[in-house]
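Bear in mind these aren't lab numbers, they're just calculated from the coordinates by the rules spelled out. These numbers come from a predicted model, not from an experiment. Please note: Cβ atoms are built from the backbone with ideal geometry, for glycine as well, and neighbour counts cover all protein chains shown.
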Amino acid sequence: MSLLNIGMSGLNASQVSLATVGNNIANANTAGYSRQQTIQGSNSSHLSGGVFIGSGTTLADVRRVYNAYLDNQLQTSTSLNNDANAYLDQVSPLDKLFSDKTTGISAVLSSFFSSVQTSAGTPSDTAARQLLLTNAQTLSNRFNALASQMTQQNEGINSQLTTLIGQVNQLTASIASLNQQIAQASSSSGSGPSNLLDARNEAVRSLNELVGVTVQEQNGSYNISLGNGQSLVLGNTSNTLSTARTGIDKSQLNIQVNSPSSSSDITSVVSGGKIGGLLRYREDVLVPAQNDLGRTALVMADKINSQLGQGLDANGEFGASLFSNINSATAISQRSLASSNNSAGSGNLNVTISNSSALTTFDYAVTFTAADKYTVKRSDGKDMGAFDLSPAAEIDGFKLDLNGGALQAGDTFKVTPTRNAASSITTQMTDSNKLAFAGPLVATGSTSNGGTGALTPPVLSTPLDIYGGADLATLQAGIKDSTPVTLAFKEAAGGSQAYEVFNSKGQSIGTGTIVPGQSNDLTINVPMLDASGAPIPGKSFSFNTTVSGSPSKNDKYEVAFNVDGKKDNSNANQLLALQTKATVGVTGGNAGMSLTTSYSRLVEHVGAKASQAQGDSTASGAILSRAKSEVASVSQVNLDDEAADLLKFQQYYTASSQIIKAAQETFSTLINSL
Amino acid sequence: MRISTAQYFEASAAKYQNNFSSIVKTQEQITSGVRIQSAGDDPVGAAQLLMLQQQKEMLGQYSNNMGSIKNSLMNEESVLDGVNTALQRARELALSAGDGSKSDADRQSIAEELGEIEANVLSLLNSKDSAGNYMFSGSKTSTPPYVRNNDGTYSYQGDDTQLNLQVSDTLSIATNDTGKSVLESAINSGRTQAVLDPSKPNDGTVSVSAGLLKSSAAYTKDFAAGEPYELKFVDSTHYTIADKDGNDITAEVSGNGTFDSKKEGGSTISLRGIEFDITLRLKAPVDPVTSLPMTPDAEVKDHIFSLGTKPDTFNASRTPSNGSTVQITGSGVTDQAAYVSGFPNSGVVIKFTDATNYKVYAQPMGSDSKSIADGVLAGGAITVAGVKLDFTGAPGADDQFVVGASSHQTQSALDTLSQLRQTLETPSDGNDLAQIKLKDALNSAVSNLANASEQVLTVRGAIGARLNSVDIQTSENISLGLSNNSTQAAIGNTDVATASIDLAFQQSLLQASQLAFVKIAQLSLFNKL
């Protein structure tokens, strides 16, 4: 009887073990499956005749082989690796785009300046002028193309975020439901059902692929929360995430968590997983790169337009702008973003670029402390100080003023001076004759001069401000109407030589002295005349020239409006100098850099991020694979193990059968002997 | 360590992927020859490459610029060579015209040849380059540099602007020279005059040449300060000279006031950089008219000459479309200060609004030009910027007159040629006064043509110097370019040797791992059951 029972208990145990081995083999390739082991215990012994006799075996448990510590490592490294990979996936295309010769800025910038060179060589050649115009178009189009790629990348990030957030919500819902099922199953059977536990672990791992979460186990339930403690799953309830344009920058989707009572923005605290990687990329690379490229475009447009405005075109008129006006009404209204919480009736801020060289690549947070007072904080954390609306103060090269209704204390704005510049730059000139290559003034010695004096081409002491509006027009007309100006030299005496300056009416407007035989830098101030020759009170302009050699007595030099200097290239040479002149980021004691250097710095910056991302991805990949292999080493199925177990349990089964057979034979022997 | 089956396969696949991607990357670097495929491969190197690329393109552009500088300077050089040849021929002709045996007819034929040379030089200076731009008018490439005025003089219409091209980051070289520097700045040797005091008849008994400039510096420094000088003959071998303040400066002149008209070189007065020649045509011992005896000393005595710089002259012309036939006949500076301050370099246009009122515009006058002065015709004359102009009558409304000024400090070769031609065309056989005038004109023409040639040679020398510096810069740019290439190659190009060794190594790793995988994957206990 007992022997039969013992045999039966062994037979039962070995059957379950065989089934477990079979299950393990069948699930060798199931994701998240933890191999199972049977745990046996011996049955109670009976006291018989003073000795304890065993009564067979019982199956104590079918146990998951699982190590919570290793699993925790796997969860963390999954989140980090997915973060790094998502970042890398975004930064690699941008890196390629910027550094590729055919898609980057530097090659087209070089060809633009090459065509300026060609034009400087033959200023009157219309074909060269046209080529310059075409190259300018290519250049502005290339800026637009790069900017649009970045805008698309931003859109891509938005749509990925929406998809990923949807997946997060599914996973958190299923974890909550698994928590509930496991609690129910456990309460009836003690330890939880392995498949549900595995499924829940796998769900948490998948969740970590999307976003970094931490798990706290409480009474067999997993409570899931984000990095900062925002709860996603609590017992068998889950909070959903959603995307919304709640930030100050409406082009970016933000992430918020919705609890039944409220919802709050958690964009800044989400880290890890694909979502964390995307947000990190957007913050770290995309926005700075947009600002940086925008700054290069802005400085380029400003400097080239301004330089062209200093000269005279092929028609003998002051030059027109090649690129779109950086301070157009549309442009200045698009450089600030108003917070949605601002007071009713308040509008936007107008951001005018007053010194493009001083611009940085940062954004600025503007907070109003009163209706006309504000403080500014730069995105690198620097406090720029407190300012008044009027008179407008220049902050890092830009000025602020109101464009809508009055403001109130507490209104906030985000100022992005350079963000949109690369996408909005266009080549607006269509007539290549309007390119100004000639200098505005020309000095001519009288043919009757007897001395050896010579004047360098005169340049205006103060460059014309092309954004000057009516003032600019007055000055331009004034220069035209107030010239020619004559310098007449007197006799040299006592090592110096006096000269007198006369306006076009022959009226003396100034005197001075030079040292003959040396280079003498002169600044000549010219009171302005109107078109009829009458003086304009209080208005004047001045120009610089250098007198070398020794003029004779009564030698005359005329400084005239260069109306038909078709072959003069002095302004074109100035334009050319912009290729290597430090024009970008000349601020805060920095010497600044040229346009090409500025772009190559951007390439270097993005390249460094890409290289770092590559390193991060490799490193976190190694950590992940180690964590995986450690988990796998403990929990996953090894077929050789199972083969050995299979053999073992087969033999165990056979042996148990033999016990029954022995019991039967013992019984038969007893019967037959009767 | 326990290895699960799935883990083994997964790990093998991942490692195989890694090895394969690095071998593909090495292959890419070898086939493209480029080590830095994107900035992420080497951010600092990539930024350096961009800067080097810019430098390379600038060097390419500089070499284009040097090509066009060379081209345009060579063109200019060949034109100037033509000008120089013409001027030399003109000088030979001028010298031969001074030969005392030449008759009016001979001089006429020389004048004709000079006329051809004049036209030739004008057309050379008005040459255009391959793009159809005038070569010598500075930046006013669509304006011909020289035009001939009604009175036979020439005006330069260009400006002083040179076109500079960049040939290195720091050096720019002018591609052209202006007519101003080629011709206009040639110094005028015939800038002075000697005027006989009217107390004696101008019958050629005593004549003093207009003077030839020998030293520009002495003229500017000394002569101009003391003019006008009074040259007074004491007798047929002595004279005295006094400056404008009456100081006797005879001692400054070598010979100290003595001269000998019969001795070669004995009758030259070398005064403060200017040489005057004294010529005596004495009638002594008997006066041909009164038949009274006379001495050379008495004949020469008390001839007084005023020596000084020629005053500025004006060429005035009426516009052919004028309604009236009024001409400008006389002109002269009456107010030196107003003339210096107000008279434009390029000359003026006087436009009458009615018979008496006029406005003055600076040349060239355009539709939007503004008048620089206005006034009323009074007593048949007007004064514009210190210059008095005499009219022959009352002009009509809208009549225009163009007035240009010429000082005698410099003279262009064209004007020299034109003056010489006109002098030679004037008959002088048997006319003492005309002969003296001819001699003066020939002397100053020969000297001025020499000056003009010298000026052209100076410009040609400058062209040579510029071509030379282009050559030096070319070789410097070439070596910069070479070092740029090698730096770019060092930073950005694949080191093929290293890459090939890498490739071989990666290949053997990959092969080994393939082999190991195949062997190990076959091991399974199930096979043995």
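Observations, loosely collected:
- Cut-off 9 Å between beta-carbons: net charge of the residues surrounding residue A:194, Lys and Arg +1, Asp and Glu -1: +1
- Simple spin-label estimate for residue B:112 and residue A:462 in nanometres, 7 Å along Cα-Cβ: 6.7 nm
- Convex hull volume of the C-alpha atoms in the range B:192-310, normalised per residue: 95 Å³.
- Remark: for residue pairs A:628/B:528; A:250/A:274; B:244/B:283; A:567/B:56, the C-alpha separation exceeds 25 Å in A:628/B:528; B:244/B:283; A:567/B:56.
- Contour excess over end-to-end distance, with Cα ends at residue B:510 and residue B:322 and 0.36 nm allotted per residue: 57.7 nm
- In Å, descending, principal axis extents of the Cα set of the range A:442-569: 46, 32, 23
- DSSP H segments from chain B that extend 20 Å or more along their own axis, Cα-based, with Kyte-Doolittle mean of 0.0 or above: B:432-492, B:496-521
- To the nearest ten degrees, helix A:126-189 and the longest principal axis of the Cα atoms of chain A are 20 degrees apart.
- Our estimate of slack between residue A:72 and residue A:100, defined as 0.36 nm per intervening residue step minus the Cα-Cα distance, is 5.9 nm.
- Inter-part distance where the range B:439-508 and the range A:351-396 are each reduced to a Cα centre, Å: 50 Å
- Over the C-alpha trace of the range B:58-187, radius of gyration and Dmax come out as 18.4, 66 angstrom.
- For the peptides A:631-641, B:379-389, residues were scored by their other Cβ atoms within 10 Å and the scores averaged per peptide; the highest-first order is A:631-641, B:379-389.
- Here the relative contact order of chain A, from alpha carbon pairs under 8 Å that lie six or more residues apart, stands at 18 percent.
- Between helix A:2-26 and chain A: long-axis angle, C-alpha atoms, 0 to 90°, nearest 10: 20 degrees
- From the Kirkwood radius over Cα pairs of the range B:49-130, Stokes-Einstein at 10 °C and 1.306 mPa s returns a whole-number translational diffusion coefficient of 98 µm²/s.
- R0 of 56 Å, Cβ-Cβ distance residue A:40-residue B:500: FRET efficiency to nearest 0.05: 0.35
- Using every pair of separate Cα atoms, the Kirkwood estimate puts the hydrodynamic radius of chain A at 32.2 angstrom.
- Nonlocal amide H pairs with residue A:61, under 5 Å, H built at 1.01 Å: A:39
- The Cα atoms of the range B:13-57 define a convex hull whose projected area, averaged across directions, is 3.7 nm².
- Projected label distance in nm at residue A:251 and residue B:123, using a 7 Å step from Cα toward the beta-carbon: 6.6 nm
- Cα gyration tensor category, rounded, prolate or oblate, for the protein assembly as shown with a/c compared to 1.5: prolate
- Computed from the C-beta positions of residue A:452 and residue A:428 and an R0 of 51 Å, the FRET efficiency is 0.65 to the nearest 0.05.
- In plain terms, the bigger the Kirkwood radius, the slower the diffusion; for the range A:220-288, with that radius from Cα pairs, at 4 °C and 1.567 mPa s, Stokes-Einstein puts D at 99 µm²/s.
- The range B:313-406: radius of gyration over Cα atoms, expressed as a fraction of 2.2 N^0.38 Å: 0.97
- Charge sum, other residues only, whose C-beta stays under 15 Å from residue A:213's C-beta, Lys/Arg counted +1 and Asp/Glu -1: -2
- Inter-chain shielding of B:364-375 (mean C-beta neighbours from other protein chains, 10 Å cut-off): 3
- Options A:306, A:33, A:631, ranked by Cα towards positive dipole end of chain A, top entry (Cβ charges): A:33
- Between the C-alpha center of the range A:64-111 and that of the range B:26-85 there is a gap of 37 Å.
- Value in Å of the Kirkwood radius, where chain B supplies the Cα pairs that are averaged: 30.4 Å
- Legend: mean number of C-beta atoms from other chains within 10 angstrom of residue C-beta atoms, peptide A:497-507, equals 4.
- CD proxy at 222 nm, helix term only [per DSSP H run n ≥ 4: -39500 (n - 2.57); per residue of the protein assembly as shown; nearest 500]: -15000 deg cm²/dmol
- Cα point-scatterer Debye curve for the range A:196-310, base-10 log of I(q)/I(0) at q = 0.09, 0.11, 0.15 Å⁻¹: -0.39, -0.51, -0.75
- Cross-link pairs A:553/B:221; A:556/B:214; B:351/B:388; A:303/A:581 - those with Cα-Cα distance over 20 Å: A:556/B:214
- FRET efficiency for residue A:373 and residue A:477, using Cβ-Cβ distance with R0 set to 41 Å, rounded to 0.05: 0.55
- Semi-axis lengths (Å, descending) of the ellipsoid that matches the C-alpha gyration tensor of the range A:543-674: 104, 13, 8
- Projecting label points 7 angstrom from Cα along Cα→Cβ for residue B:245 and residue B:529 puts them 13.5 nm apart.
- Three-way shape call for the range B:365-488 based on the alpha-carbon gyration tensor, with the a/c threshold at 1.5: oblate
- Principal semi-axes of the equivalent ellipsoid, √(5λ) from the alpha carbon gyration tensor of the range A:335-419, are 19, 13, 12 Å from largest down.
- Residue mean of other protein chain beta carbons inside 10 Å, B:11-24: 1
- Part-to-part distance (alpha-carbon centres) for the range A:475-509 and the range A:266-305, which is given in Å: 55 Å
- Local net charge near residue A:621, Cβ-Cβ under 12 Å (Lys/Arg +1, Asp/Glu -1): +1
- Listed by chain and number, the aspartates and glutamates whose alpha-carbon sits under 15 Å from that of residue A:382, ignoring those within fewer than 8 places in the same chain, are A:363, A:396.
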